[in-house]
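First the structure, in the form of structure tokens, and then the observations on it.
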Amino acid sequence: MSAPLPGPVMVAAGCGGTGRELEPFCGDDGLDGLHVVTRSITLDARSGGPGPRVVEVPGGLVNAVGLPNPGLEHFLATELPWLVRAGARVLVSIAGATMGEYADLARRLARAPGVAGLEVNVGAPDDVGAGLYEVREPFHSASVIAAVRREFASDRPVLAKLRPDVSRIVEGARSCHEAGATAVVIGNAVPAAFPDGRAGGLSGPAVAPIALRCVAEVRRAHPDVPTIGCGGVRDLASANAYLDAGARAVQVGTALLHDPTTVARLRATLRTTAHLPGPEETP
Ligand SMILES: Cc1cc2nc3c(=O)[nH]c(=O)nc-3n(C[C@H](O)[C@H](O)[C@H](O)COP(=O)(O)O)c2cc1C
């Protein structure tokens, strides 16, 4: 059985807070029916990295937040039920230090009421996701996806979130899809540095052309692999650039930190355009 492809407009991981912060900016519909990817959830709570965690640079942000999150148990008890009550279609982003941790997270989330699907974070910018399972080669990410898929029903989407690295993306996307990913999210923040040289990840408009190139390369090599564009989406033009390059949906991240109404506005506009398949259409 193939899982429905989420979209067409989604909240990118870590950029919608817990959902409560975003809801007041989402118009009359609120979060109802909106695909919200949570911040990455780990088995144990993480307090995140030292400050400053985010700085503005020309064209975007550099961040090294360190994936702060309350850990799985607390998430299941508080954040998840709230999002479900608000009507969000919740895609839980998961991150682990080992392949076993990813599998454990998937097993427990498979039983949790209200989880629409998973997004597997195997694309944190190097150094920034310190302590996460190290994904260097495409077979590393594909092995994680296979381990997650074994624990998570095939009628619900599992998204593989990869780095927008053009030298690896075609192989990475293909192998993750073969391993059971419903779609591949391209991409994450791009490895970069803070002005003081500390490692971070660049996001925002500056990374859009990089992720767009990756989406186009995957489309060219493997048109059967569904992709979701993520990086610098902020308006109709930037969303349509991904869709025209072959992406089946888009995610909005950094733009929400500048203007939290972005996702609701984009959702309303894309509903009235012919660019996209409906959210329930299978890949
Ligand atoms: C403050 C901040 C926190 C983020 N947290 C996460 C996270 O928890 N998990 C994850 O997979 N990506 C995380 N990201 C990456 C975004 O989801 C997105 O992939 C990236 O920023 C590129 O998209 P954008 O240019 O629209 O922001 C974070 C990005 C920012 C700026």
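Tabulated values for the structure
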{"read-out": "Gaussian network model of the chain, springs between alpha carbon atoms under 10 Å - residue of CYS230, CYS15, CYS176 with greatest fluctuation", "value": "CYS15"}
{"read-out": "Protection proxy ranking of 201-208, 217-224 - average other beta-carbon atoms within 10 Å, highest first", "value": "201-208, 217-224"}
{"read-out": "For the chain, accessible area per residue (1.4 Å probe, heavy atoms of protein chains only), Å²", "value": "40"}
{"read-out": "PHE139, PHE25, PHE152, reordered so the largest accessible area comes first (probe 1.4 Å)", "value": "PHE139, PHE25, PHE152"}
{"read-out": "Karplus 3J(HN,Hα) series, Hz, for the stretch 156-162 with 6.51 cos²θ - 1.76 cosθ + 1.60 (x for Gly, Pro)", "value": "10, x, 10, 9, 9, 9, 10"}
{"read-out": "In Å², nearest 10: area of GLU171 left accessible to a 1.4 Å probe", "value": "80"}
{"read-out": "Carbon plus sulfur fraction of accessible area for the chain, probe 1.4 Å, in percent", "value": "54"}
{"read-out": "Tensor-based shape of the stretch 136-283 (alpha-carbon gyration tensor, a/c under 1.5 rounded, otherwise prolate or oblate)", "value": "oblate"}
{"read-out": "Size of electric dipole in the stretch 9-271: Cβ of Lys, Arg +1 and of Asp, Glu -1, about Cα centre, debye, nearest 20", "value": "340"}
{"read-out": "Stokes-Einstein D (µm²/s) once Rh is taken as the Kirkwood radius of the chain over alpha-carbon pairs, at 4 °C in 1.567 mPa s", "value": "71"}
{"read-out": "Highest-MSF residue in the chain out of PRO157, PRO195, PRO81 [GNM, Cα springs under 10 Å]", "value": "PRO195"}
{"read-out": "Net charge of neighbours whose Cβ lies under 15 Å from the Cβ of PRO52, counting Lys and Arg as +1 and Asp and Glu as -1", "value": "0"}
{"read-out": "Area accessible to solvent at THR254, 1.4 Å probe radius, in Å²", "value": "20"}
{"read-out": "The stretch 105-110 - phi-based ³J(HN,Hα) in whole Hz, Karplus 6.51/-1.76/1.60, Gly and Pro as x", "value": "4, 5, 4, 6, 6, 4"}
{"read-out": "In sequence order, calculated HN-Hα J values of the stretch 198-213 (Karplus, 6.51, -1.76, 1.60; Hz; x Gly/Pro)", "value": "5, 5, x, x, 8, 9, x, x, 4, 8, 4, x, 6, 5, 4, 4"}
{"read-out": "Taking the stretch 9-271 and dividing mean pair separation by its residue count, relative contact order in percent (alpha carbons under 8 Å, at least six apart)", "value": "19"}
{"read-out": "Counting DSSP beta bridges with both ends in the stretch 1-127, the antiparallel % (nearest 5)", "value": "30"}
{"read-out": "Cleavage-rule hits (trypsin sites (Lys or Arg not before Pro)) in the stretch 63-127: DSSP loop, at most 11 neighbouring Cβ within 10 angstrom", "value": "ARG111"}
{"read-out": "Beta bridges per DSSP with both ends in the chain, % antiparallel, nearest 5", "value": "30"}
{"read-out": "Alpha-carbon Rg with Dmax, taken over the stretch 151-194, Å", "value": "12.2, 41"}
{"read-out": "For the stretch 1-127, with +1 on Lys and Arg beta carbons and -1 on Asp and Glu, the positive-most of THR78, GLY16, GLY123 along the dipole", "value": "THR78"}
{"read-out": "Gaussian network model of the chain, springs between alpha carbon atoms under 10 Å - residue of LEU236, LEU34, LEU162 with greatest fluctuation", "value": "LEU236"}
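The values are calculated or read from the model by the stated rules, or taken from the named source; none is laboratory data. The shown structure was predicted, so the numbers you read here are calculated from the model rather than taken from an experiment. Glycine also receives a Cβ, built like all others from the backbone with ideal geometry; neighbour counts cover every protein chain displayed. Please note that ligands, DNA and RNA were not included when accessible areas were found on the heavy atoms of the full protein model with its side chains. Shrake-Rupley method; radii C 1.70, N 1.55, O 1.52, S 1.80 Å.
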